[in-house]
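Taking it in order: structure first as structure tokens, then the write-up.
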Amino acid sequence: MSASVYHVQPLTHPLDSTVCVPGSKSITNRALLVAALADGHSTLDGALFSDDTTYMAQACAALGVAVTTDAADARFTVDGGGGTFPAAAAELFVGNAGTAMRFLAAALCLGHGRFRLDGTPRMRERPMQDLVDALVQLGARVQCIERPGCPPLVIDADGLRGGAATVAAAKSSQFLSGLLLVAPCTHTGADLTVVGPLVTPPYIDMTLGVMSAFGVRADRDGYGRFRIPPQRYAARAYRIEPDASSAHYFWAAAALTGGRVRVEGLGTASLQGDVHFVDLLEQMGARVVRGADFIEVHGGAHLDGIEADMNALSDTMPTLAVLAAFARRPVTIRNVAHVRLQESDRLHAVATELQRLGVRVRELDDGLVIEPSPVRGGQVETYDDHRIAMAFALAGLRVPGVAIRNPACVRKTFPDYFARLEALRS
């Protein structure tokens, strides 16, 4: 999208739509890395093609793995390296893709040579130290070469020994996911113990689900301890389900406008925790129909206020905050302090932009309290954060004059989001 501002047009009639969304970014990047480490030829169908997945695919290719892209058919084909990478050196840039940065930081330790891993200025502010500390315990040589605890990283790799390690995952579950993904390719396997709280645990279930699909078993004690013996990933044909984090904007649109939206391809067996965003919509008064391969939301006459612990659904926090402005009673969001460390300080960004639209909001250390307010139009700053852009566009379905600055930031995970939002009108 070339325009610097996107002007949202309010709906003139209730929504009544069936929507298909692109493949899951989180599953695509996990599957790309696992396929790159597998023995043989894998086909990933239904894959997402976005900035984040492009960075991951390009990094795997730069490491000597044969990756073929077919965006028209939403397919990657990957010839894996059998638990390591052919290249002995590479300088990799991953933009602001947290999954690519954290997963590659762990995977590069399996190689043999020197590797440099870097990202955007915002990525250089995002935390890495807890992952680095755990990798060092497993025998890696990893350095944060400019700012302590942050990218860029230099990895001097000669395979990864494995063994026992503790990992803190209060700032990002991606630290634990990265370790799990590489654990079967270490010399001795890994025995990983989580110390302290774990944020967004559904992403750990997703990681283990992808690993299992490629033939790797893991023993676990809840979310506290994971034992993965040395194993080989087996190449396979793998279908990636649609992205629940992308789908939730359309479910929210139905709840916000009193309409109906069905998302195909996501149902009760989904690997993705964000499908449970519809549980919050249900609490706010929407009706939800759940099937094996679809979820449908019917908006009610009103949105009710709720108190929500959104730790497990933190990517959907900006969207719930936007809906909250239209609720009959206050909405309290808690236990999402870690979102301050993501593409933007999301708590501060959401509070600031809600206030710009006339909404009364109180920013907490770990959440927000949003009061029902007359919402007005205005230009929303997006902080180069795709989730801010997509969430605040929903307000414009109800209120005239809402405009989104730098709409192109949605390329990170959902390049044609605004086109699909427009399609709801038909």
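Observations, loosely collected:
- Filter pass, residue 376 being assigned to a loop (DSSP other than H, G, I, E, B), more than 25 Å from residue 26 (Cα to Cα), without any contact (Cβ under 8 Å) to a residue 40 or more places away in the chain and of a type outside the set (Val, Ile, Thr): yes
- Of all positions in the stretch 262-274, none carries a residue that is within 30 Å of residue 166 (Cβ to Cβ) and either in a strand (DSSP E or B) or touching a strand residue (DSSP E or B) at 6+ places or on another chain (Cβ under 6 Å) (or both).
- Test result for residue 156, part of a helix (DSSP H, G or I) and acidic (Asp, Glu): no
- Against the criterion of being aliphatic (A, V, I, L, M), more than 22 Å from residue 202 (Cα to Cα) and touching a residue at least 24 places away in the same chain (Cβ under 8 Å), residue 313 does not qualify.
Here's the yes/no breakdown for (1) out of contact with any helix residue (DSSP H, G or I) (no Cβ under 7 Å at 6 or more places or on another chain); (2) in the same structural domain as residue 82 (by TED's automatic domain parsing); (3) of a type in the set (Lys, Arg):
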site: 215; (1), (2), (3): yes, yes, no
site: 233; (1), (2), (3): no, no, no
site: 251; (1), (2), (3): no, no, no
site: 265; (1), (2), (3): yes, no, no
site: 270; (1), (2), (3): no, no, no
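- Selection status of residue 113, modelled with pLDDT of 95 or more and part of a loop (DSSP other than H, G, I, E, B): no
- All positions within the stretch 315-343 that are of a type in the set (S, T, N, Q) and surrounded by fewer than 23 Cβ atoms within 10 Å (Cβ to Cβ): 332, 335, 342
- Residue pairs whose Cβ atoms lie under 6 Å apart, separated by 6 or more positions or on different chains, with the first residue in the stretch 111-134 and farther than 12 Å from residue 96 by Cα and the second β-branched (Val, Ile, Thr), are 111/84; 115/155; 116/154; 132/142; 134/167.
- Number of the condition not met by residue 83 [criteria: (1) touching a residue at least 24 places away in the same chain (Cβ under 8 Å); (2) assigned to a strand (DSSP E or B)]: (2)
- For the stretch 11-68, a residue qualifies if it is among the hydroxyl-bearing types (Ser, Thr, Tyr) and either part of a helix (DSSP H, G or I) or crowded, with 17+ Cβ neighbours inside 10 Å (or both), and the qualifying residues are 17, 24, 26, 28, 42, 43, 50, 53, 54, 55.
- Scanning the stretch 224-248 for residues that are over 19 Å from the mean Cα position of the chain (by Cα), part of a loop (DSSP other than H, G, I, E, B) and surrounded by fewer than 23 Cβ atoms within 10 Å (Cβ to Cβ) returns 224, 229, 230, 231, 232, 235, 236.
- Residue 279 fulfils the conditions (1) free of Cβ contacts under 8 Å to residues at least 12 places away in the same chain; (2) crowded, with 22+ Cβ neighbours inside 10 Å; (3) acidic (Asp, Glu) except for a single criterion, (2).
- Condition check for residue 281: hydrophobic (A, V, I, L, M, F, W, C), assigned by TED's automatic domain parsing to the domain that holds residue 397 and under 21 Å from the mean Cα position of the chain (by Cα): yes
- Residues in the stretch 298-319 include at least one that is under 22 Å from the mean Cα position of the chain (by Cα), under 18 Å from residue 248 (Cα atoms), in a strand (DSSP E or B) and of a type in the set (D, E, K, R).
The values are calculated or read from the model by the stated rules, or taken from the named source; none is laboratory data. Here the structure is a predicted model, which means the values were calculated and not measured. So basically every Cβ, Gly included, is an ideal-geometry build from the backbone, and we count neighbours across all protein chains shown.
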